[in-house]
Amino acid sequence: MIDPIFLESSHRRWNPLKRDWVVVSPHRTQRPWQGQTEEKATPPSLEYDPTCYLCPGNTRAGGHKTPAYTGTYVFENDFAALKFDVPVASMDQNKAGLLRAETERGICRVLCFDPRHDLTLATMELPAIRRVVDMWDAQAAELGARPEVHYVQIFENRGSMMGASNPHPHGQIWATEHIPNEPTLELAAQLEYFEQHRVSLLTSYLELELSQRERIVAENDTWVALVPFWAVWPFELLVLPKRRVASLAELIGSERDGLAAILQQVTRGYNRVFDTPFPYSMGLHPAPTDSEEHPEWHLHAHFYPPLLRSATVRKFMVGFELLGSPQRDITPESAAETLRLAMQTT
Ligand code: H2U
Ligand code: ZN
């Protein structure tokens, strides 16, 4: 169990997955707040919104028509941040490593989770969430099989506070030529740990968490959701399968059902914490698709919600966090207690 010193005194915690530190200030949770508050989010009430570009049968901003889909629907992002059809070039001016650039090829897609405008992962039925899981797998497999693609990043921005442009349940898929920053850090850390211990970093970590049960908030036969020891965001979660797999493709049927179930439990629980549709950015971290075996990699999902102490007071990553290290007030253990209560309520 954690030494009470770390529940009461300022300290820093090590993130072994990114190999950096987070400052924790447990004594600071009572500080007054007179700063910015956000609008309380209200869920959409329409099953079909004639002005929504993701509702079946509607015309999108780019002029394309969204068909009358009945399950999930994937399309190329009409305003893709990355294009595949770009010339290949790189520069390193004066060979000094100070003015470097390289072209980046990529494919950006949008995935509608459900035809119904008013649903979210929290309110969708399990078979519908399972369809989303299977579509994530199919997309990751298809895009990852392209020799130029080395990473497939699947994510969801939920709620306007996190920049979601539309309440219709949807996520994004970005396939990139280079492995992005976050998975690059995770790759190096997991590789080093595996070389030293011959077991994956997250397998060892999960074993510890399952024996201590201080930070676990939800669990089923195949998946676990926990507040990581090194969480930065107040209600951050790490969601991982009990069996180590590197990619979605390796998940068997019961593990896919388990993922759907834990996603539903987590998102429903989140909504109960402040009795509001809980905003977050969520994303899956599978192994890179670089044709290497990845015995070190343990598939997982991160949930990064911005809320701090109510539906309208968010955490800001500013000042010391931007310039020094990330910092949090409530301890991961106390956040886990709040979340556990919310997630175990049926
Ligand atoms: P976000 O809500 O996470 O921003 O995702 C929605 C994406 O949908 C966004 O990247 C795209 C935006 O570019 N989009 C289209 O491709 N077509 C449209 O008609 C509107 C939005
Ligand atoms: Zn819609």
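Being assigned to a loop (DSSP other than H, G, I, E, B) and surrounded by fewer than 20 Cβ atoms within 10 Å (Cβ to Cβ) is true of Glu214. So which residues in region 139-163 are within 16 Å of ligand 2 (Cβ to nearest atom) and either at positive phi or touching a Ser or Thr at 6+ places or on another chain (Cβ under 9 Å) (or both), if there are any at all? Scanning region 139-163 gives Glu156, Asn157, Arg158, Gly159. The set of residues in region 64-88 that are among the hydrophobic types (A, V, I, L, M, F, W, C) and in contact with a strand residue (DSSP E or B) (Cβ under 7 Å, 6 or more places away or on another chain) comprises Val74, Phe75, Ala80, Ala81, Leu82, Phe84. For region 256-278, taking the residues that are within 18 Å of Ile129 (Cα to Cα) and in contact with a Lys or Arg (Cβ under 7 Å, 6 or more places away or on another chain), the one that is surrounded by the most Cβ atoms within 10 Å (Cβ to Cβ) is identified as Ala260.
Within region 266-277, is there a residue that is of a type outside the set (Ser, Thr, Tyr), modelled with pLDDT of 95 or more and part of a strand (DSSP E or B)? Looking through region 266-277, none of the residues is of a type outside the set (Ser, Thr, Tyr), modelled with pLDDT of 95 or more and part of a strand (DSSP E or B).
Can you tell me which residue among Leu121, Leu99 is away from ligand 2 (no atom under 14 Å from the Cβ), farther than 23 Å from Phe155 by Cβ and modelled with pLDDT of 95 or more? I'd like the intermediate steps shown before the answer.
Details: Leu121 fails: farther than 23 Å from Phe155 by Cβ.
Step by step, each of Leu121, Leu99 is checked, and only Leu99 is away from ligand 2 (no atom under 14 Å from the Cβ), farther than 23 Å from Phe155 by Cβ and modelled with pLDDT of 95 or more.
Per the conditions (1) farther than 25 Å from Ile154 by Cα; (2) away from ligand 2 (no atom under 16 Å from the Cβ), the sole criterion not satisfied by Glu104 is (1).
Count of region 39-98 residues, restricted to those that are of a type in the set (S, T, N, Q), surrounded by 12 or more Cβ atoms within 10 Å (Cβ to Cβ) and more than 14 Å from ligand 1 (Cβ to nearest atom), is 1. If you go through region 145-169 and keep only what is within 20 Å of Leu54 (Cβ to Cβ) and buried (at least 23 other Cβ atoms within 10 Å of the Cβ), you end up with Ile154, Glu156, Arg158, His168, Pro169.
The values are calculated or read from the model by the stated rules, or taken from the named source; none is laboratory data. All of these numbers come straight from a predicted model, not from anything done at the bench. All Cβ positions, even for glycine, are placed from backbone atoms using ideal geometry, and neighbour counts span all protein chains on display.
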